[in-house]
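To start, the structure itself, in structure tokens.
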């Protein structure tokens with residue numbers, strides 16, 4: 001991004017505003033992203049805002065995200081289009097009569113050219129209207145609202161259990177590094193991450209639902225459930241998800257903290273006679289936060305978009321199951337909407353991670 | 001004999017067959033009237049249905065894309081849901097597959113079976129309290145016959161030329177005689193709806209034993225008992241909950257942990273494991289579905305009947321049933337009909353695995369080199385394994401079969417009915433006529449064996465309007481022989497419907513019509529606490 005022209009010369013950390021100029025120009029070059037005239041004619045306040053490296057970084061990331069989403073939308077549309085078999089025949093299956101197939105195709109406008117359908121779809125999607133499901137003729141946005149809510153509910157509880165647990169265990173592992181607690185934490189979490197999710201899921205079902213009979217299974221949630229019933233229903237899938245994402249975050253925390261433990265200021269703290277737990281929590285951890293944030297964000301994204309298998313195994317009506325159902329019958333509006341929302345989640349969380357990492361580490365604001 | 005009678009008696013007392021019919025058949029089986037009455041009474045006492053309770057079913061085959069519009073019923077779950085809230089004009093008798101009255105009280109064909117008059121039942125109310133009228137019936141059938149409709153019953157309804165009301169009677173005029181028309185009306189799409197469902201097709205407002213209280217496609221549906229049901233021999237539990245569980249392991253876990261009372265689609269491979277659970281009962285019902293290997297009779301090298309015979313003789317059917325179905329099925333005889341159909345042609349010799357005969361025909365055919373068979377696990381459960389088994393048994397006859405595994409996605413549109421030799425699955429049809437018309441008539445859309453025989457077509461059309469059962473049976477026999485000895489169908493096995501239930505579930509009716517007690521499982525069983 002930097003070094004756009006020969007006039008800039010080599011960018012150094014000290015002439016940061018100069019280095020930022022090309023970025024502003026790139027953003028301003030895009031239509032309608034900035035109000036008023038272009039960057040050059042902007043008011044002093046505007047320039048100052050954009051010259052603030054943080055604001056420009058965020059703007060840049062936002063623009064990039066939008067562009068990425070757009071690219072993803074093309075990929076999704078093309079990908080679904082390239083799947084073998086089309087909706088009409090897949091939906092009617094072996095029992096399709098040519099008449100019924102024709103009726104459905106005409107009805108859905110499948111006879112129209114690809115680009116026309118893409119444009120229609122995208123313009124709807126931009127306004128939050130994902131059209132109607134081909135199979136059930138219900139509004140996709142409405143159905144997704146409910147399913148996404150369920151998925152987020154699951155992800156939220158998995159996150160509030162797994163993130164503090166992972167970071168806490170990571171710090172504990174550093175505290176007792178290369179001793180028994182560290183080894184136990186490592187072995188258990190590695191074992192959990194090495195097993196496929198469905199296997200962990202089945203083991204939990206076998207143990208807690210079939211043998212002990214204390215867990216609710218299937219984990220189906222529905223409207224008339226109370227909050228407590230819902231919590232009970234999601235206990236097993238949440239446990240599975242926690243086990244799946246825990247090791248990744250825990251090990252990253254451990255590695256990041258360990259890497260700052262060898263720095264001079266930690267030594268100083270040690271020489272000051274602070275307890276090692278205090279050194280880890282107050283001095284080392286905050287400086288190790290950036291990589292941890294990234295890995296946490298990645299895992300959060302996974303909790304939302306990567307839980308297809310867990311949802312199927314636990315019969316949990318979330319986005320994953322919804323999308324699987326739609327793919328099997330080639331219900332394109334649903335598949336596309338799910339794909340786009342998943343992509344948006346990934347991009348959003350990654351962006352948030354980047355920004356948070358920059359906030360946490362001022363040095364990152366001025367990339368060399 | 002006694003087992004058979006007890007079975008019948010159970011059917012009679014659970015509403016499967018009428019008491020009169022039970023008596024008739026018991027007498028025909030050579031039992032005196034007193035013994036028959038006693039049997040009925042015993043069974044009735046043992047099987048006295050209990051009312052009440054909350055029944056939970058965990059079913060495979062639901063999807064977020066399911067629609068509650070009967071015209072669009074496709075999945076197993078919707079099949080079952082539709083049977084809960086709606087009624088057809090005609091039902092099929094569970095043990096014999098004969099048509100029995102439902103919303104139509106009785107019917108009468110014209111002499112050539114081309115015009116049928118149905119008397120519609122009076123005093124039946126829809127769930128919203130409105131009376132069922134002849135207009136509702138006419139409109140319903142019209143909606144499903146409309147060429148523009150996307151009804152799954154369109155194929156069945158094609159032969160109906162005119163639908164009209166004559167006073168309180170329904171008169172159907174067909175393009176040609178069809179002795180089996182009442183059975184066609186048992187199709188699960190043909191749920192009678194107010195104003196034919198034109199106003200709100202997915203309202204679930206029907207005449208069935210249960211009222212729908214909630215519906216989330218692919219997730220869950222709940223029902224409460226319709227207290228004003230026009231029948232008393234069904235709808236025993238107070239409320240029903242149907243949960244969509246598509247994962248086979250999850251279904252088994254849900255049943256064995258007691259979270260649901262009934263599951264469908266038990267994989268034959270896991271039956272023996274599930275059997276170990278003391279609270280679980282395996283419910284296996286003979287069905288009409290069959291797993292097939294289909295050859296295009298008009299495409300080389302399969303246009304050679306000797307090669308087709310060679311391939312038929314090199315199939316080890318017994319092993320297939322044993323290994324692929326886990327014993328839950330019956331061997332097939334290369335025609336798509338089994339004894340669950342009315343007018344089944346008895347006494348046709350069972351074709352057996354015979355490498356010598358296969359080698360003889362193979363040599364005679366003059367074919368050499370490998371035969372390419374395309375398959376995929378979506379064709380039927382275990383299709384790829386079955387193809388490999390077949391490959392082995394054919395090897396002994398000196399025939400080389402090359403098995404090509406195709407992707408499951410798009411199998412039905414790119415391979416089945418396109419490629420000359422592939423594996424496939426057929427669900428049964430209510431009648432022999434329909435089975436043959438769907439897949440063996442020269443002009444059939446799904447003539448997946450490319451069986452183009454004018455002489456066969458002629459017998460099929462004649463049999464359709466033949467009201468004399470003896471004559472028809474003879475015709476069906478001729479047709480079966482033609483398909484068996486000259487067709488492109490290799491039919492190694494008919495699969496059973498394998499379901500499982502908690503032992504609390506009583507009164508399960510083994511209905512030959514279709515899976516899950518022909519979809520009526522929730523309305524027929526009761527719970528014994």
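The numbers here are math on the coordinates, done by the rules we state, and not lab data. Everything quoted here is computed from the prediction, not taken from an experiment. Cβ: placed from backbone, ideal geometry, glycine included. Neighbour counts: every protein chain shown.
Overview of values
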{"item": "Distance between the range A:249-274 and the range B:325-344 - C-alpha centres, whole angstrom", "result": "73"}
{"item": "Mean projection area, nm², convex hull over Cα of the protein assembly as shown", "result": "47.5"}
{"item": "Descending principal axes extents, the range B:120-220, alpha-carbon based, whole Å", "result": "43, 32, 23"}
{"item": "Rg over Rh, two decimals, the range A:269-328 (C-alpha only, Kirkwood Rh)", "result": "1.38"}
{"item": "Within 10 Å of each Cβ in B:334-340, the average number of Cβ atoms from other chains", "result": "0"}
{"item": "Gap separating the Cα centres of the range B:176-252 and the range B:460-529, nearest whole Å", "result": "21"}
{"item": "Peptides ranked, highest mean first, by Cβ atoms within 10 Å: ranges B:201-214, B:396-409, A:178-191", "result": "B:201-214, B:396-409, A:178-191"}
{"item": "Estimated 222 nm signal from helices in the protein assembly as shown, with DSSP H stretches of n ≥ 4 weighted -39500 (n - 2.57), rounded to 500", "result": "-14500 deg cm²/dmol"}
{"item": "Normalised per residue, the volume of the convex hull around the Cα set of the range B:38-138 (Å³)", "result": "211"}
{"item": "Mean Cα-pair separation over length for chain B, i.e. relative contact order, pairs under 8 Å, 6 or more apart, %", "result": "21"}
{"item": "Sorted peptide list for B:237-247, A:118-128, criterion being average Cβ within 10 angstrom, highest first", "result": "B:237-247, A:118-128"}
{"item": "Shielding by partners, peptide B:245-251 (average Cβ within 10 angstrom, other chains)", "result": "6"}
{"item": "The range A:266-368, Cα convex hull volume normalised per residue, Å³", "result": "134"}
{"item": "Share of alpha-carbon pairs per 5 Å distance bin for the range A:176-311, given as whole %", "result": "2, 9, 14, 16, 15, 13, 10, 9, 6, 4, 2, 0, 0"}
{"item": "Length-normalised contact order of the range B:344-468 in % [C-alpha pairs under 8 Å, at least 6 apart]", "result": "20"}
{"item": "Within 10 Å of each Cβ in A:200-206, the average number of Cβ atoms from other chains", "result": "3"}
{"item": "Burial ranking of peptide ranges B:420-427, A:146-153, B:461-468 (average Cβ count within 10 Å, highest at the top)", "result": "B:420-427, A:146-153, B:461-468"}
{"item": "Length released on extending from residue A:138 to residue A:152, taking residue separation times 0.36 nm less the Cα-Cα span", "result": "2.9 nm"}
{"item": "Computed Kirkwood radius, in angstrom, where 1/r is averaged over Cα pairs of chain B", "result": "24.3"}
{"item": "Cα pair distances in the range B:313-393, grouped into 10 Å bins until the bin that holds the longest one, percent each", "result": "15, 40, 35, 10, 0"}
{"item": "The range B:388-431 - Rg (one decimal) and Dmax (whole number), Cα, Å", "result": "13.6, 39"}
